[in-house]
Amino acid sequence: MIVAGVDVGSISTKVAVLTPEKITYKMAPTGWSPRETGLATYQGLLQELGHSEDDVDFVVGTGYGRISLPFVSKAITEITCHARGAAHLVNDSTMVIDIGGQDSKIIKIDQKGKVLDFVMNDKCAAGTGRFLQMIAAALGLDVAELSELSRGKTPLTLNSMCAVFAESEVIGLLAAGRDKGEIVAGLHQSIARRIASMAQRMGKAARITFTGGVARNEGLCSCLREVLGAEIIVPAECQLAGALGAALLARDYLS
Amino acid sequence: MGDERCYAKSLCRHSKRKGEVRLRPALLESFQEIRDKNMLTFKEAKERGVKVAGIYCGYCPRELVLAAGAIPVGLCGTREEPIAAAEKDLPRNLCPLIKSSYGFAATDTCPYFHFSDLIIGETTCDGKKKMFELLGKIKPVHVMNLPQIPDRESSLKLWHDELQRLQKVIEESFAVEISEEALREAIHQTNEELRVRKELLDLNRNKPALISGMDLLMTTFQVGFNADHKEGVVMMERLIAQVKEMAAQGHQVGDEKTPRILLTGTPVGMGSEKIVSLVEECGGLVVAMQNCSGYTCTQFMVDENDQRDPLMILAEKYLSIPCSVMTPNPGRLALLEQMIKDFQIDGVIDLTWQACHTFNVESFNVSELVKNKLGLPFIQIETDYSNSDRETLRVRIEAFLEMI
């Protein structure tokens, strides 16, 4: 049995293919056409594996682009998929924090990765991947550099939680001659606090799985650890949890 | 396109298996026509000298208007269109219901406001009572002082005084005298309306449901604008009969597995139905609504054999409505718990219009009841009338339905 999960996110597209022997992944920037990128990434991975689309028994589509994929057998929200994927990657975790390109979500899960409750940011883009990209650009940096730059720095207090106003605030701080590292450390802290206040609405969790592209930012992870007082686990496949979950749900669906 | 996908995947599942298309009761059309037909009825009534009182809220004791031989009519306030105009005078971060109501009045785009001789408001929430001050510059507005700790004796006394005052205001404005006999007749007529409305909403105690949430919403919303309240009762009775007849022939909406959702919180109407339509596009059914536009007010029928002062009977009736403006408000939780049982509910959505503080805060209590006490999936959604967040809400609602 071969199943696949296709997660078309706002920034990147992730595909997971599950064969009886192994799990393989492929990632690509989504660009402007979720439909084409979704299909191309999916076909690309199948080709690498020496399979055709006809060999695949079930495909689950997820992510904001899920509704534009004509080849999927079923569309499932990224909330359900992330929960399933994260539970597979990390044992005994009761909560998933996923920070993606355009939203952040906190999901309470059971042992099997079933969603028990969830919250999503609903007010604005602050605390999302896009927000970090904007701020990085304002600082003349790449997102990947943010973590390193903030290491060991005393965080400055940032007050704006609106993505646009936060950018103005950062520009103001730069004009005042403040250290970039301290600004970034402050940014991580304010995002962590915002995420924590959402997470605390879901009750306590001792072991939290952190997924999504933003989880690769170690500086933000350690802030979250501190603010939430919990173990924060970032699986190596943190960006692939949604696609993996989709593929696992495809397998569940068939059996 | 997404809509069609969701719709086909879910609501039609049952019918599709049987190779049929889902049938809607033909009589629904008569409700859709109310608005056009009504314009003429109102115009003719006004020409005959009949008075019209515009109302905004379930707390308005409409029996007093009926007893004066006047028409009580719900005013527009459920659409996005006039909000921009309202924001010229009102702050942006105010609840959309208040902005929409004011916008319709200020732009003279609500025909019922246009025909109204008197507007009756109540001091329900801060936004509304201050908005009524501005509304008073456009039309004669009478604001009733609604007490907000309902179980105190002083509250009932104050509210009874307020009903007496309203009676005088109506009598003076409309140059009539309201007799006790007319008032008792109005109480009877309003009871009839509530009885039929409840019977219609109760159709969905059946599992699978017999009528979709969107159809129920459209029907109950439209009938509220009907000039002839007795005719409204007859129309609802005919619709109930038709739905029952269709059910007897095996027609139903969704199937045993369709998630049965209860919508609670702030009121909805046509134009602000996005949560109801999203739930039904995504494969669920809103089988019941615990809000003032839905089931809540149908609970408060009056004992017609009660020989006490009718104004006192009405004061008690209206003070029992469990809106979040009341403190404490245990009646809402009790009603919710009962409805969750009666309608075999699988999940509860609590809708809060942006900047509605009372419903927003009270969501904590609703969540405790639904999640902790009853162990059912629960989600609070805070939004406004616009469609800007429709797709992000769709993710949330779909994920919520996936939990069930």
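The values are calculated or read from the model by the stated rules, or taken from the named source; none is laboratory data. Predicted model only: the values in this text are computed from it and were never measured. Note that each Cβ is placed from the backbone with ideal geometry, even for glycine, and that neighbours are counted across all protein chains shown. Remember, those area values only see protein heavy atoms, side chains included, never the ligands or the DNA or RNA. Shrake-Rupley method; radii C 1.70, N 1.55, O 1.52, S 1.80 Å.
In degrees, nearest 10, range 0 to 90: what is the angle between the Cα axis of helix A:34-48 and the longest Cα principal axis of chain A?
60 degrees
I want to check the label-to-label distance for A:Ala138 and A:Ala206. Put each point 7 Å from Cα in the C-beta direction and report it in nm to one decimal.
4.0 nm
Would you give the gap between the C-alpha center of the stretch B:69-94 and the C-alpha center of the stretch B:156-210, rounded to a whole Å?
When both Cα centres are located, 23 Å separates them.
Working from Cα positions, state the angle (0 to 90°, nearest 10) between the long axis of helix A:163-175 and the longest principal axis of chain A.
Compared with the principal axis, the helix lies near 40 degrees.
I want to check the label-to-label distance for A:Glu48 and A:Asn91. Put each point 7 Å from Cα in the C-beta direction and report it in nm to one decimal.
About 2.9 nm, to one decimal.
Can you give the accessible area per residue of chain B, in Å², using a 1.4 Å probe?
I get 42 Å² per residue for this part.
Just to confirm my numbers, what's the Cα centroid distance between the stretch B:99-135 and the stretch B:225-259 in Å?
Centre-to-centre (Cα) distance: 32 Å.
Do you know the relative contact order of the stretch A:92-234, to the nearest whole percent, from alpha carbon pairs under 8 angstrom that are 6+ apart?
30 percent
In the protein assembly as shown, if every C-alpha pair distance is counted and binned at 20 Å from zero, what percent goes to each bin?
Calculated over all Cα pairs of the protein assembly as shown, the distribution is 17, 45, 29, 9, 0 percent.
Can you tell me, using C-alpha contacts under 8 Å and at least 6 residues apart, the relative contact order of chain A as a whole percent?
24 percent
Run the dipole for the stretch B:2-403 about the Cα centre, Lys and Arg Cβ at +1, Asp and Glu Cβ at -1, nothing else charged, and hand back the magnitude in debye, nearest 20.
Dipole of the stretch B:2-403, to the nearest 20 debye: 880 debye.
What residues have an amide H closer than 5 Å to that of A:Thr13, excluding those fewer than 5 places away on the same chain, when H is modeled at 1.01 Å from N in the peptide plane?
Counting only residues 5 or more places away or on other chains, the set is A:Ala28, A:Thr30.
Answer with one residue from B:Gly121, B:Leu27, A:Ile99: the one whose Cα lies farthest towards the positive end of the charge dipole of the protein assembly as shown, charges on Cβ with Lys, Arg +1 and Asp, Glu -1.
Going by the charge dipole, the pick is A:Ile99.
What aspartates and glutamates does A:Lys22 reach when the alpha-carbon gap must be under 19 Å and sequence neighbours fewer than 8 apart in one chain are set aside?
Result set, ordered by chain and number: A:Asp7, A:Glu48, A:Glu53, A:Asp54, A:Asp55, A:Asp57, A:Glu237, A:Asp252.
What does the extension gain come out to for B:Asn387 and B:Thr109, with contour length at 0.36 nm per residue minus their alpha carbon separation?
Taking B:Asn387 through B:Thr109 to full extension adds about 98.0 nm, to one decimal.
Give me the lysines in straight-line cross-link reach of B:Lys37: C-alpha distance below 28 Å, same-chain residues under 8 apart excluded.
Candidates past the 8-residue exclusion: B:Lys46, B:Lys51, B:Lys99, B:Lys139, B:Lys198, B:Lys230, B:Lys244, B:Lys274.
Would you mind computing the Rg to Rh ratio of the stretch B:118-265 from its alpha-carbon coordinates, Kirkwood style for Rh?
Rg/Rh for the stretch B:118-265 comes to 1.07.
Which lysines, if any, have their Cα less than 16 Å from the Cα of A:Lys105, not counting same-chain residues under 8 positions apart?
A:Lys105 reaches A:Lys114, A:Lys123, A:Lys204.
If you average the C-alpha positions of the stretch A:1-79 and of the stretch B:29-59 separately, how far apart do those two centres end up, in angstrom?
Rounded to whole Å, the Cα centres lie 55 Å apart.
Got a sec to turn the phi values of the stretch A:85-95 into Karplus ³J(HN,Hα) couplings, 6.51 cos²θ - 1.76 cosθ + 1.60 with θ = phi - 60°, whole Hz, x for Gly and Pro?
Per residue, the Karplus-derived 3J(HN,Hα) values read x, 5, 5, 6, 7, 10, 7, 6, 9, 10, 9 Hz.
Taking every eigenvalue of the Cα gyration tensor of chain A, multiplying by 5 and rooting it, what semi-axes result, largest first, whole Å?
Over the Cα atoms of chain A, the semi-axes work out to 33, 20, 14 Å.
Against the empirical 2.2 N^0.38 Å scaling, what ratio does the C-alpha Rg of the stretch A:117-245 come to?
Compared with the compact-globule rule of thumb, the stretch A:117-245 sits at 1.03.
Counting only DSSP beta bridges with both residues in the stretch A:92-234, what percent are antiparallel, rounded to the nearest 5?
Percent antiparallel among DSSP bridges in the stretch A:92-234 is about 60.
Which log10 I(q)/I(0) values does the stretch B:2-403 give at q = 0.08, 0.12 Å⁻¹ under the Debye formula, counting every alpha carbon as one identical point scatterer?
Taking Cα atoms of the stretch B:2-403 as identical point scatterers yields -0.42, -0.98.
With a cut-off of 8 Å between alpha carbons and a minimum separation of six or more residues, what is the relative contact order of chain B in percent?
The normalised contact order for chain B reaches 20 percent.
On C-alpha positions alone, give me the angle between the axis of helix A:241-254 and the longest principal axis of chain A, in degrees, nearest 10.
30 degrees
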